[in-house]
Amino acid sequence: GARLTGGVLGVLEALLYLFLYVFAFVGFSNGIAILSRSTGAYHMLLFVLNLPLLFLSNALYPLSTMPGWMRVFAYLNPTTYVVDGLRQSLLGVGDLPTWLNFAVLIAFAALCSWFGLRTFRRLLIQN
């Protein structure tokens, strides 16, 4: 089985990765919810996005074994960076530099939060 090697600091680092990822998707989900015409359309869109985010990341397959076209999508996918960060912080193994994982997740969180706030402001201005 897997052995956790990161200790308390590794767990705190993992929680930071998860916080950034969740924070980003809260902003994204809020923006999509405001733009959606119905609850069903909102849930359908989020469901349609979930599987590609999983399968086009390094969560199931190492980056080195992916075909080139799939690796391109994996590098564009923020899930890749959270998975790699979690592996590094908890298990001591990873393919990408720690600074890159944090940089991508911080940028992703900022972009998604901006999107959520922008759509919310538009809704307030319209009403």
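The values are calculated or read from the model by the stated rules, or taken from the named source; none is laboratory data. For clarity, every value in this text was computed on a predicted model and none was experimentally measured. When we count neighbours, we look across all protein chains shown, and the Cβ atoms used for this are built from the backbone with ideal geometry, even at glycine. Each accessible area value is taken on the protein alone, full model and side chains, heavy atoms only, with ligands, DNA and RNA left out. Shrake-Rupley method; radii C 1.70, N 1.55, O 1.52, S 1.80 Å.
Annotations for the structure displayed:
- Residue within the range 71-94 that is over 21 Å from Leu18 (Cβ atoms) and open to solvent by 80 Å² or more (accessible area, probe 1.4 Å) present: yes
- Residue within the range 96-106 that is modelled with pLDDT of 95 or more and farther than 25 Å from Gly6 by Cα present: no
- Meets criteria (among the basic types (Lys, Arg) and in contact with a helix residue (DSSP H, G or I) (Cβ under 8 Å, 6 or more places away or on another chain)) for Arg37: no
- The listed residues are Leu51, Leu60, Leu100, and the only one of them that is outside any helix (DSSP H, G or I), surrounded by fewer than 19 Cβ atoms within 10 Å (Cβ to Cβ) and at negative phi turns out to be Leu60.
- When Arg37 is tested against (1) modelled with pLDDT under 90; (2) more than 28 Å from Asp95 (Cα to Cα); (3) surrounded by 12 or more Cβ atoms within 10 Å (Cβ to Cβ), only condition (3) is not met.
- Checked against (1) in contact (Cβ under 8 Å) with a residue 24 or more places away in the chain; (2) surrounded by 13 or more Cβ atoms within 10 Å (Cβ to Cβ), Met66 meets all criteria but (1).
- You will find that of Phe28, Phe23, the residue that is within 14 Å of Cys112 (Cα to Cα), open to solvent by 60 Å² or more (accessible area, probe 1.4 Å) and touching a helix residue (DSSP H, G or I) at 6+ places or on another chain (Cβ under 9 Å) is Phe23 and no other.
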